[in-house]
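The values are calculated or read from the model by the stated rules, or taken from the named source; none is laboratory data. Everything numeric in this text was worked out from a predicted model, so none of it was measured. Cβ: placed from backbone, ideal geometry, glycine included. Neighbour counts: every protein chain shown. Accessible surface is based on the protein model in full, side chains and every heavy atom, while ligands, DNA and RNA are left aside. Shrake-Rupley method; radii C 1.70, N 1.55, O 1.52, S 1.80 Å.
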Amino acid sequence: MTITTSTLVADIATANPGTIKVFQRHRIDFCCGGRIPLGDVCEAHQIAPPQLIAELEQALSATEPDVDWTKASLASLASYIQARFHRPLEEEIPRLRAMVDKVVSRHGARLPRLAQLQATFAGLQHELLEHMKKEDEVLFPAIVALEDGAAPGRAAGWTWIDQPILAMEAEHASAGAALERIAELTDGHVPPEDACPTFRGLYHGLAELEREMHVHVHLENHILFPRAATLARSMTREAARVRG
């Protein structure tokens, strides 16, 4: 779709659900009041049309940098995970929760499984936000300190870091199970044929959440955590050798 000032907002949101986040950021009604041209919306919200169109197109064409994280510093990888996944998730999770609640309030009576979706997502929301807080405040700073060569602060050396890593991996597995359940409840994130833009946007957002979480968890489980654990064991052995 080519987006112009004459394109209807609802048509943009329906054809390209990834643009819904942009509309929501500007508090633009893309659902019930979305059958109006983009140019009229820009005038009403005092947004320059080229600016809004650029944001919409960026939402459709965002790309990731090609970085070999197996060779980058642990600090840079931890910082990337926080900036690329943690901070956006802190905004995205409440946004999706609001959409879940809205869809349930309007369609829950005829689609009973939506109540199960709501409960599953609520649990996932709580788990993910608490999980990221623990990583941000405890595990990631410890990994950065480990790489910087700081003292472990414990007699056993840096191997204590294995325990929080195992805890985070267990929580990743729990979140993965919740995402699988959400996929089941949404028939693979496929909305009903008569779904409104909000309904479609929700399912698109849930599918994006699952895809993003797969990359997020991969970077932690398969790169950051193993490298940190290996370094912790190496530094602990070296410290024991020096003492011995």
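Quick notes
- Hits among lysines - C-alpha to C-alpha of residue 102 under 22 Å, sequence gap 8 or more where chains match: 21
- When only the Cβ of Lys, Arg, Asp and Glu is charged (+1, +1, -1, -1), the dipole of the chain relative to its Cα centre reaches about 500 debye.
- Result for the chain in a Gaussian network model with C-alpha springs under 10 Å: among 77, 166, 224, the largest mean-square fluctuation is at 166.
- Solvent-accessible area per residue, Å², over region 1-66 with all protein chains present [probe radius 1.4 Å]: 57 Å²
- Among 7, 19, 219 - extreme Cα towards positive end, dipole of the chain, charges at beta-carbon: 219
- Rounded to the nearest 500, the 222 nm mean residue ellipticity of the chain from helices alone is -21500 deg cm²/dmol, with -39,500 (n - 2.57) taken per DSSP H run of at least 4 residues.
- Averaging Cα coordinates gives a centre for region 171-244 and one for region 84-128; these two points are 17 Å apart.
- Percent of Cα pairs exceeding the 21 Å cut-off, where the set is the chain: 64 percent
- Sites residue 234 and residue 90 - FRET efficiency at Förster radius 41 Å, r taken between beta-carbons, to 0.05: 0.75
- Over all Cα atoms in region 102-244, the spread is summed up by Rg and Dmax: 20.6, 72 Å.
- Positive-pole candidate from 173, 96, 139, dipole of the chain, charges at beta carbon: 139
- Among complete DSSP H helices in the chain, those whose alpha-carbon atoms stretch at least 20 Å along the helix's long axis and whose mean Kyte-Doolittle hydropathy reaches -1.0 are 87-107, 113-134, 162-185, 197-219, 225-243.
- When the chain is treated as a GNM with alpha-carbon contacts under 10 Å, the residue of 125, 51, 82 showing the greatest mean-square fluctuation is 51.
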